[in-house]
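Here is the structure we will look at, set down as structure tokens.
Since every read-out is calculated from the coordinates, none of them should be taken as a lab result. Just so you know, these numbers come straight off a predicted model, no measurement behind them. Reconstructed Cβ throughout: ideal geometry from the backbone, glycine too, with neighbour counts over all protein chains shown.
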Ligand code: NAD
């Protein structure tokens, strides 16, 4: 019988790590709300207090999964899907209570949809070249342990989507979650691992740092056993990942502009803008953040927005809202506006109240006319107020949209029936996602074609991430044989 040293080493490491976890559990549990409430000691079911232990345990889990058939990856992914779907109400409510941003129904929907729609093992297609010189087979192999950084805007949903894609590719993952969404992240990860351990016999495939900091993120970036990093977040973490010296998949920030031209179906455009911009109170990175409308239909478009249920704020109201919602952050050349925590991801009626207007709590979006240089146009505001800018013509609208997107090349949207205008804007914007005549989420297969992920890697070019994003190409070549179309006389 052949002895597999890697497997034995990994099992021993896992047992040692569990013993260490149990020993330290008594002292760490009280400090960790997740451990205390679920009576799970750190060091088990994916929960770790330090990066070294988390990576070592994830590596051990990876080695074990490597010994298993691909069918086991499917089983593991099905477990993650099942928990995300069946427990979406409980976990979505936890996420809402902890982060206090967005809308409960969308927290729940995001978990369910990512559980249902993130592509799995079936996405890994083997390629083959056959010719006179034989056969070359290209397969997609795992990297090993992936370090993931996740945002507060979709704490557990991003982990769910990342876990499905990364495990489909055969990897294990260590997550450094956003500190403000760490408890729900830990609770989800604990449930995933507990079920995977019970049903497949592998623990810590999805590991997590329970008290994440910028230092633990840096340790993850630098860890020699982390083969790849995947960050989903704003400008600072995107920069940090690009400077990490490690291969990185970077799903960075956006500020998606919308252009409406004179050929658009204005009522349809208004409904789409409300659907996208109001979803989870505008926390989606792909969500409509500012709208440029050609002058000849500007007033008609504003009326269409009101007909569709959004509430229009006056200029003085917008200025009061701006003072309450945005503030100058950064220093020197990095000075820019940022959203204030108190109003980020809050309901439209709260924004209206800050503007001095009382509106029905059922109102999903407030909007109004601003100039192009208004901070609400230039800032990724992540709240359900959308500024509308009156433009001379289509070319000016596209030029301003391009400037407001700040070169992120993330997402842009057009409402038009003019194919030439669509083409022109698509070429100028050069964004990873370009949506025509739909709400932003249609570009992720939610009402449009294509597949779903909540990590859209613009800066590093992978686009909407899939299991293939998290694999290495490996080629096996057989020379001369197994190519069956050649002449028999050569054999
Ligand atoms: P954030 O940038 O504040 O935090 C994201 C993550 O990065 C968190 O875990 C945070 O702790 C970590 N982080 C921040 N600065 C860091 C640094 N210097 N070094 C290491 N880690 C660091 O963003 P957020 O508020 O949690 O999420 C919203 C942002 O994420 C928006 O800019 C949005 O566009 C972006 N986002 C992008 C995508 C995408 O697919 N491209 C998806 C979701 C969110």
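General remarks:
- Percent RCO, i.e. relative contact order, over the stretch 123-164, from Cα pairs under 8 Å lying at least 6 residues apart: 24
- Peptides 96-108, 278-290 ranked from most to least packed, by the mean per-residue count of other Cβ atoms within 10 Å: 278-290, 96-108.
- Using alpha-carbon coordinates, inclination of helix 70-86 to the longest axis of the chain, degrees: 40
- Taking all pairs of distinct alpha-carbon atoms in the stretch 188-335, Kirkwood radius in angstrom: 19.8
- Once the chain from residue 132 to residue 362 is taken as fully extended at 0.36 nm per residue, the excess over their C-alpha distance is 76.0 nm.
- The alpha carbon centroids of the stretch 457-491 and the stretch 158-192 are separated by 29 Å.
- Where only C-alpha atoms are counted, convex hull volume of the stretch 145-189 per residue in Å³: 53
- Rounded to the nearest 10 degrees, the inclination of helix 155-168 to the longest alpha-carbon principal axis of the chain is 40 degrees.
- Among 481, 299, 265, the order by Cβ neighbours within 10 angstrom, fewest to most, reads 481, 299, 265.
- Which of 133, 415, 197 has the fewest Cβ neighbours within 10 Å, and the rest in rising order: 133, 197, 415
- Principal axes of the stretch 259-368: Cα extent on each, largest first, Å: 43, 34, 27
- For the chain, the mean residue ellipticity at 222 nm estimated from helices alone is -13500 deg cm²/dmol, where every DSSP H run of n ≥ 4 contributes -39500 (n - 2.57) and the total is divided by all residues, rounded to the nearest 500.
- Estimated D of the chain in µm² per second, where Rh is the Kirkwood radius over Cα pairs and Stokes-Einstein applies at 4 °C, 1.567 mPa s: 54
- If you take the Cα centroid of the stretch 234-249 and the Cα centroid of the stretch 267-332, the two points sit 31 Å apart.
- Here the ratio of the Cα radius of gyration of the stretch 98-152 to 2.2 N^0.38 Å is 1.95.
- Taken as Cα centroids, the stretch 420-450 and the stretch 368-406 sit 18 Å apart, rounded to the nearest whole angstrom.
- By the equivalent-ellipsoid construction on the alpha carbon gyration tensor, the stretch 94-210 comes out with semi-axes of 33, 16, 12 Å, ordered largest to smallest.
- The packing ranking, built from the mean of other Cβ atoms within 10 Å per residue, places the peptides 447-455, 329-337 in the order 447-455, 329-337, highest first.
- Relative to the dominant Cα principal axis of the chain, helix 88-99 is inclined by about 70°.
- The equivalent ellipsoid that matches the C-alpha gyration tensor of the stretch 257-448 spans semi-axes of 24, 19, 16 angstrom, in descending order.
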